[in-house]
1. So how long is each side of the range 30-113 along the principal axes, counting just the alpha-carbon atoms, biggest first, in Å?
2. Using the crude model of +1 on Lys and Arg Cβ and -1 on Asp and Glu Cβ, and no other charge, please compute the dipole size for the range 31-96 relative to its Cα centre, in debye to 20.
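Computed from the coordinates by the stated procedures, all read-outs in this text should not be read as laboratory data. Predicted model only: the values in this text are computed from it and were never measured. Because the Cβ atoms are built from the backbone with ideal geometry, glycine has one as well, and the counts that use them run over all protein chains shown.
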Amino acid sequence: MKSFGQFLAAAAVVMFVLGAGPVTVLAKKQPGTVTLPAKKGNVTFHHDKHAKDRKIKCNTCHHKKVGTACKDCHKAKKEGDTPKIKNAFHKTCKGCHKKNKKGPTKCKDCHKK
């Protein structure tokens with residue numbers, strides 16, 4: 001029984017070390033909506049509808065590190081292999097909407113002045 005307890009303790013340490021990032025992220029409160037400023041009009045992204053209601057996995061959009069905002073990696077201008085934020089949103093969001101034949105795909109459907 002003692003060795004089983006030691007095993008559980010060791011497993012808990014390994015899980016904590018390997019899983020500390022995802023566990024920390026899951027503990028953070030997810031935003032309900034996010035307003036994305038844009039020249040053609042701000043875009044309101046309904047994070048809760050995508051993550052909770054539609055059960056889209058976090059790493060579908062947060063492809064580098066779950067819990068980071070898009071603007072943490074994607075900037076106003078392309079940096080190396082990282083596309084600028086506008087192109088990243090259009091490719092990811094619009095691409096998913098077209099692929100699934102669900103959701104807005106035209107400028108005015110997302111951009112509101």
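1. 34, 30, 24
2. Dipole size: approximately 200 debye.
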